[in-house]
């Protein structure tokens with residue numbers, strides 16, 4: 001399995017008990033959608049290796065206690081700590097027509113309802129307080145909050161992400177910085 005054909009489901013947090021179980025965190029919106037998995041791919045040495053699940057118990061807040069088939073000791077489980085868990089893209093839940101997964105819109109043109117075409121989607125960042133979309137705008141990275149009122153819809157056929165930026169956000173990236181403004185004012189006084 002190629003990593004480009006997969007999405008990261010989560011990662012292994014720590015070991016659990018003495019029989020090779022691990023605690024995994026599923027970093028997805030609805031972890032309960034994945035509580036009956038038979039296998040996952042673990043990234044090891046830059047490759048994805050299939051691991052088959054003997055038992056999986058849901059815990060709270062996206063955590064699961066997992067016992068893999070071939071992991072029998074705490075020492076074996078310890079080697080899996082901090083390992084990323086992957087699933088094939090075709091196992092992502094179906095979305096509503098106007099919804100999208102972040103990986104789907106990388107490279108899409110960003111078109112604002114008021115300002116027209118702005119730039120290209122480059123990346124998404126998962127920050128502690130909120131998620132941000134990075135867009136290439138006028139040769140610099142512009143960060144846009146990921147909320148429904150701003151990211152309106154994706155047109156997959158045209159490869160366009162329609163947005164409605166909050167008033168003033170675009171100006172933050174186009175206004176000169178404070179030191180430059182001070183220099184400009186000094187020039188005007190001369």
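Between residue 172 and residue 97, the modelled labels are 3.3 nm apart [label points 7 Å from Cα along Cα→Cβ]. Of 169, 85, 152, the residue with the greatest mean-square motion in the GNM of the chain, using alpha carbon springs below 10 Å, is 169. Principal-axis analysis of the Cα atoms of the chain puts helix 178-189 at an angle of about 10° to the longest axis.
Contact order for the chain, expressed relative to its length and based on alpha carbon pairs under 8 Å spaced 6+ residues apart, stands at 16 percent. Let's test the formula: R0 of 45 Å, r as the Cβ-Cβ distance of residue 125 and residue 76. What FRET efficiency results, to the nearest 0.05? That pair, residue 125 with residue 76, gives E of 0.85.
Taking 14 Å as the cut-off, the amide N atoms of segment 5-44 that come nearer than this to a point 7 Å along the Cα-to-beta-carbon line of residue 83 belong to 10-16, 20-25, 39-44.
Reported to the nearest whole Å, the Cα centre-to-centre distance from segment 135-172 to segment 1-42 is 31.
What shape does segment 116-165 take by its C-alpha gyration tensor, where a ≥ b ≥ c are the square roots of the eigenvalues and a/c under 1.5 counts as rounded, a/b above b/c as prolate, and the rest as oblate?
Taking the square roots of the gyration eigenvalues as a ≥ b ≥ c, segment 116-165 is oblate.
Matching the structure-derived mean projected area of the Cα convex hull in nm² against the labelled list (i) 10.4; (ii) 11.1; (iii) 14.9 gives the label (iii).
Every number here is computed from the coordinates shown, using simple stated rules; none is lab data. The structure displayed is predicted, hence computed values, not measured ones. When we count neighbours, we look across all protein chains shown, and the Cβ atoms used for this are built from the backbone with ideal geometry, even at glycine.
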